[in-house]
Structure formats: C-alpha cells, structure tokens
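The values are calculated or read from the model by the stated rules, or taken from the named source; none is laboratory data. A quick note: this is a predicted structure, and the numbers were derived from the prediction, not measured. Please note: Cβ atoms are built from the backbone with ideal geometry, for glycine as well, and neighbour counts cover all protein chains shown.
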Amino acid sequence: MSSSAKRSGVWKYFVEVDKNKSKCNLCGVQLSRGGMGKTATTSSMKRHLQTKHKSEYEEVFGTTSIASSSKEFVSQSSQSQVSGFLKQPSLEDMLEKKKLWDINDSRAKRCHYLIGEMIAVDNEPFSIVESHVGFRRFVNNILPQYEIPSRIYFSENVIPDIYNKVVNNIKSRLAPVNHISFTTDMWTCQTNKTCFLSCTAHWLEESYMLGHAVLDIKVFPESHTAENIKKSLLDSVSDWNIPATKVRAVVHDNAANITKGVKDANFPSFRCFIHTLQLVINDAIDANTSVKETISAARRIVTHFNHSGYNKLHEIQEELGLPKRNYIKMLLPDGTQLIIYWNVLLNRDELFLSTSQNLEI
C-alpha cells in the first residue's frame, strides 16, 4: 500500500487485501482497484461508498462529486460521461425504453405529423398506415416505441390540423399583399368522371419573390353554367378573406362559360395565351390534309414501337453485331409522338424519320 493511497480518507472504511484489491469494512465486499501497487486507485472504493454507504461517503467527502474528485479515474472525460459511467441503468429504465409512447406523447405527435405531411405532400392514401406492410415494418424498426395510429386518426385529426395550419400561413402571407392574380381551370378526372374547378393565387412578396398557392380544388357537380362558375369563384375569394379590390387578373381558358363566369364576377378577365396558341395550331393542322395524314402515320408508328418495336430493334442490332441504341421520342405541337431511331440496317449513325412505309405495321 503506497503512502499516497493511505492519505485518502476512503481507507477509513477499507482494508487492503492484496496489491490490487481492497475490502469494505462495512459490508465485506471486495473491490478491484484497477491496477497493481502504485498504479492502483481508490476510485472503485469511492463509488462503493457513494452508492452503498452514502452517510459514510458524505462524512469523508462531503457533497463533492466523484466526477470532480477522481482525476485518476477519468482524466479527459466530461461531467456527463462520468455520470453516465457511474450510473447503472435500473430495471425501470430498461422497461421504460421498451414502453410504447402514448398517442398524445410529444414524441409520438411529432411522428404523427411527419407521417401526415408525407401523406399530403406525396399524395399517399390514408391506408398506408394500416395496410402497407413495408412502411409499418420500417417505422417499427427505427422507432419501436412508436405505435402508428389508425387511418381514422390521421383523416380526422392530423390532416385537418395540418390543413388549418397551412391555411392560416397562406392567409397571413396574403394579408399584406395589395395585388393578387388568379389562374383557374375546370377539368374532368378520367378515372371517376368527377369534375373539378381549381383556383390558384399568384402574388409578389415584399422581397420581390413570386408567391403562389393553390387556394381551392373543388368538386364541381353542378351544371357548368357561367352562373355556377361565378358563384364558386366568389366563394373562393371570400373564404380566403381576399377583398375584390385586390384581384388584379383572372387568367382562364377560352371556354365561353368560364369566360362569362369571370366577367360576371366583375373580375378582370384574361384568356390564356398558351391555350389560345394551341387552338390556332390545332386549327392549322386540321386544315392541312397532308399534315393530318403524316400525324396519323406517326400515331401508328408510336403504337407499333410501344408494343413490340423496342425489342425488335434490339434484336436486329444484336443480329448485325451493332451496339444497342434506343429510339428517340419527340412531340408534335398537337401532342402526337414521333419516333426517331438509329438507321441500324445501313450501319450508319444517321437519324431518319420513320414513316409507315419503313415498317410492317
């Protein structure tokens, strides 16, 4: 036993057993001192007194913490590291780590809203939280304490709350704006034949950045009359607390009903230039017989390649020992796709436009 070690007050309650062990006089427990001879320390003895014999520990060390009095035990550790080392997890701590969070726990709520935002932003179905096995397995693996609520909880609580927060945010951004323009359109969904009317706001922020937000996409079951369209647009502006005096322009297509509806609402009405240009192009194509025949041939070519031409092209390239090259698609003004592909038969890198005579269609 070194003289330096004897000077420590801890030896009042311990006796040396051998060069690297000591024995507690209070309970008889033997402790390792972490070294031999001069390298042995009193840290384990201090910890033993602190955890098992607190009154004796306070008698010797007062309220001084082990972290500040045992430099020989940890020379370069922070207070938290020492505390973490000294504190052994209790059974309650271990059980708490495996306990599921309550649905109203702040940690669980954060997860609720992150999933809700994913559903909204990625246009996912509510059923993802119940029937999508891969998603549930992923969440359970990274957050075993989080229990995913039902789809009803998301549809009746989380999503409506997110919606209200977004609405309030947009309203606060629109409030100081003096001039707001709108784009609106009406269309029918091809899958369920439901008609919708949309209204999107566009404005200039104080920072001169362009701001925009979709204010409404309404199901429109009524007759598509100018009066019904007018009422729907007025309701949208009113619901968002936008005075009519702030409406600088409403841009729409060339349909007679929506044109009249916007004007009847006393909004500045502007027809979409791109839509007008598209109508001009379509009329020009319809008036030219040769162009219509070319487009008809192009449609047949596209149909051929979309069904079997792609694989056939690669088969020919492979037979001729040529590198596999894909055909290129491009759009005509009316939306028709034309196919341009490499001239594989002549073994040249020249492009040529396919016509109905080049293929067996």
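Suppose we filter Asn311, Asn282, Asn266 for residues that are surrounded by fewer than 16 Cβ atoms within 10 Å (Cβ to Cβ) and assigned to a loop (DSSP other than H, G, I, E, B); which single one remains?
The match here is Asn266.
Considering only residues in region 197-211 that are farther than 21 Å from Thr259 by Cα and surrounded by 11 or more Cβ atoms within 10 Å (Cβ to Cβ), the one that is modelled with the lowest pLDDT turns out to be Glu205. Pairing residues of region 298-325 that are at pLDDT 70 or above with residues that are assigned to a helix (DSSP H, G or I), at Cβ distances under 6 Å and at least 6 apart in sequence or on separate chains, gives Lys324/His314; Lys324/Gln317. Counting only helices (runs of 4 or more DSSP H) that sit completely within region 89-190, those holding 3 or more residues that are touching a residue at least 24 places away in the same chain (Cβ under 8 Å) correspond to 106-121, 159-174. Output the residues belonging to region 31-61 that are outside any helix (DSSP H, G or I) and closer than 12 Å to Val10 by Cα. Hits for region 31-61 are Thr41, Thr42, His53.
When Thr276 is tested against the conditions (1) touching a residue at least 12 places away in the same chain (Cβ under 8 Å); (2) among the polar types (S, T, N, Q); (3) in the same structural domain as His202 (by TED's automatic domain parsing), the lone failure is (3). Screening Ser232 against (1) part of a loop (DSSP other than H, G, I, E, B); (2) touching a Lys or Arg at 6+ places or on another chain (Cβ under 8 Å) leaves a single unmet condition, (1).
Yes or no, residue by residue, for (1) modelled with pLDDT under 95; (2) outside the structural domain of Val214 (by TED's automatic domain parsing):
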position	(1), (2)
Leu143	yes, yes
Val158	no, yes
Ile170	yes, yes
Thr188	yes, no
Cys195	yes, no
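In region 191-206, what residues are more than 30 Å from Glu130 (Cα to Cα) and part of a loop (DSSP other than H, G, I, E, B)? Matches in region 191-206: Glu205, Glu206.
Considering region 235-259, the residues that are polar (S, T, N, Q), under 37 Å from the mean Cα position of the chain (by Cα) and in a helix (DSSP H, G or I) include one that is nearest to Ala175 (Cα to Cα), namely Ser238.
The residue pairs whose first member lies in region 25-49 and is within 22 Å of Gly62 (Cβ to Cβ), whose second member is β-branched (Val, Ile, Thr) and part of a helix (DSSP H, G or I), and whose beta carbons are closer than 6 Å, counting only pairs six or more residues apart or on different chains, are Thr42/Val10; Met45/Val10; Lys46/Val10; Lys46/Ile66.
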